[in-house]
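The values are calculated or read from the model by the stated rules, or taken from the named source; none is laboratory data. On a predicted model such as this, the values are computed, not experimentally measured, just so you know. Cβ coordinates were reconstructed from backbone atoms using ideal geometry, including for glycine residues, and neighbour counts include every protein chain displayed.
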Amino acid sequence: MNKKSVKDVEVRGKRVLVRVDFNVPLNEQGQITNDKRIQASLPTILYLVREGARVILASHLGRPKGQVNPKYSLAPVAEHLSEQLAQAVPFAKDCIGDVAMEAVSTLQDGEVLLLENVRFHAEEEKNDPAFAKELAGLAELFVNDAFGTAHRAHASTEGVTHYIPAVCGLLMQKEVDFMGNALERPERPFVAIIGGAKVSDKIGVIENLLEKVDALIIGGGMANTFLKAQGFNVGKSLLEEEKVELAKQLIEKAKAKGIELELPIDVVAALAFQADAPHRTVKVSEIGEDEMALDIGSASAEKFEARISTAKTVIWNGPMGVFEMEAFAKGTERVAQAVATCGGITIVGGGDSVAAVEKMKVADRMTHISTGGGASLEFLEGKVLPGVAALQDKE
Ligand code: ADP
Ligand code: MG
């Protein structure tokens, strides 16, 4: 990436404000149910600790809407992080003001402090300059390692960069490098797999990828709109009637560009959106009026597997079916296996896709699993992420 990283600057003895993504799921008792995001930020934190920086961590958690709300306190994260780092991580009950200033002033080289949820202040999401200046005032250097919020210009992701030097963290660098290289300099054949519920969520992604890939595989709920565009009847399937015309255009565009567009040729059709609904595998030309397509069929899976197996670069976003229900998970599972074993560079983005890959226990066999749902989508759309754009360029 053309942005400076934390390794390109002197950090020893400096107060370093690190924006991390500690937006972890908590249960009713306030316990962390999945610490993936904390784990993902450890490389940057550990690097700074080893280099003798004074580390000040800032994050959001949930949507407290600018109000102090104990339900969204980061206090449990400070505790969890203390265990992970095997050193005490003090917690400041506010991210600005005297409380924060005092906590920062006692920090020694190699120590780590966690600030309370930045979204307890409405100014955070408004990217309020005075609030950003106060946050920045805690430190001499800013490190953005929160890829998951890089698509938002908030005070703690963009605002602060106007007041102190700003560089990227190691996770941010990894995310941007993997996805950036795949998009800009892919080893070919480059195959994209797009699925999930709706076409409307992913129009930008499909349009951008059509400029770059050799083959585009479309599955999941959104495939129905494409099937309809091909003239098939999709019964009660999830369908975006108003996007059928667009789907037709995208099919034409792919053809004109010589891109192989792979759509399902059969589906698992069910009588209801239910785990135990009666279902059968049918050709896309034989979906009944009272049926809904909830997964790709086995012939489609075979066709997709064949295309994926020769790929040198794969980007996957969006499950092939309603994978949350066992009966409709097979298509996603087969595609996950095919991606895991293709031998090329493989990148998975999107909250549900990542969950599917983890559920199917093939996450370790992917080259890169993106930690950012919305951010990775915007990246795949070819958008500039404000949290990245604001960082210093390499000289
Ligand atoms: P991601 O989070 O990976 O970007 P999406 O949010 O776009 O993925 O889509 C995931 C959702 O799409 C899942 O909850 C899944 O159940 C749903 N889905 C997939 N296929 C279908 C289908 N055929 N009909 C209805 N919903 C579907
Ligand atoms: Mg999703």
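In the range 125-139, the count of residues that are at negative phi, in contact with a His (Cβ under 8 Å, 6 or more places away or on another chain) and of a type in the set (F, W, Y) is one or more. Is one or more of the residues making up the range 302-315 of a type in the set (D, E) and either within 16 Å of ligand 2 (Cβ to nearest atom) or within 22 Å of N233 (Cβ to Cβ) (or both)? No, the range 302-315 contains no residue that is of a type in the set (D, E) and either within 16 Å of ligand 2 (Cβ to nearest atom) or within 22 Å of N233 (Cβ to Cβ) (or both).
With respect to V118, is the statement that it is among the β-branched types (V, I, T) and either surrounded by 15 or more Cβ atoms within 10 Å (Cβ to Cβ) or within 21 Å of P386 (Cα to Cα) (or both) true? In short, yes. Which of the residues that make up the range 342-352 are small (G, A, S) and at pLDDT 95 or above? G343, G344, listed by residue number. Among helices (runs of 4 or more DSSP H) entirely within the range 74-126, having at least 3 residues that are over 27 Å from the mean Cα position of the chain (by Cα) and over 16 Å from L48 (Cβ atoms) singles out 97-105. If I filter the range 363-370 for residues that are of a type outside the set (D, E) and within 16 Å of ligand 2 (Cβ to nearest atom), do I get at least one hit? Yes, there is a match, as at least one residue in the range 363-370 is of a type outside the set (D, E) and within 16 Å of ligand 2 (Cβ to nearest atom).
Among the residues of the range 321-333, are any in contact with a Ser or Thr (Cβ under 8 Å, 6 or more places away or on another chain) and within 16 Å of ligand 2 (Cβ to nearest atom)? Full working, then the answer.
Let us first name the residues in the range 321-333 that are in contact with a Ser or Thr (Cβ under 8 Å, 6 or more places away or on another chain), namely 321, 323, 330-331.
Within this subset, residues satisfying the condition of being within 16 Å of ligand 2 (Cβ to nearest atom) are 321, 323.
For the range 321-333, residues in contact with a Ser or Thr (Cβ under 8 Å, 6 or more places away or on another chain) and within 16 Å of ligand 2 (Cβ to nearest atom): present.
For the subset of the range 1-33 comprising residues that are loosely packed, with under 13 Cβ neighbours inside 10 Å and of a type in the set (S, T, N, Q), which member is farthest from E358 (Cα to Cα)? Taking the candidates together, the pick is N2. What is the one condition in (1) in the same structural domain as P165 (by TED's automatic domain parsing); (2) modelled with pLDDT under 95 that L81 does not satisfy? The single condition L81 does not satisfy is (2).
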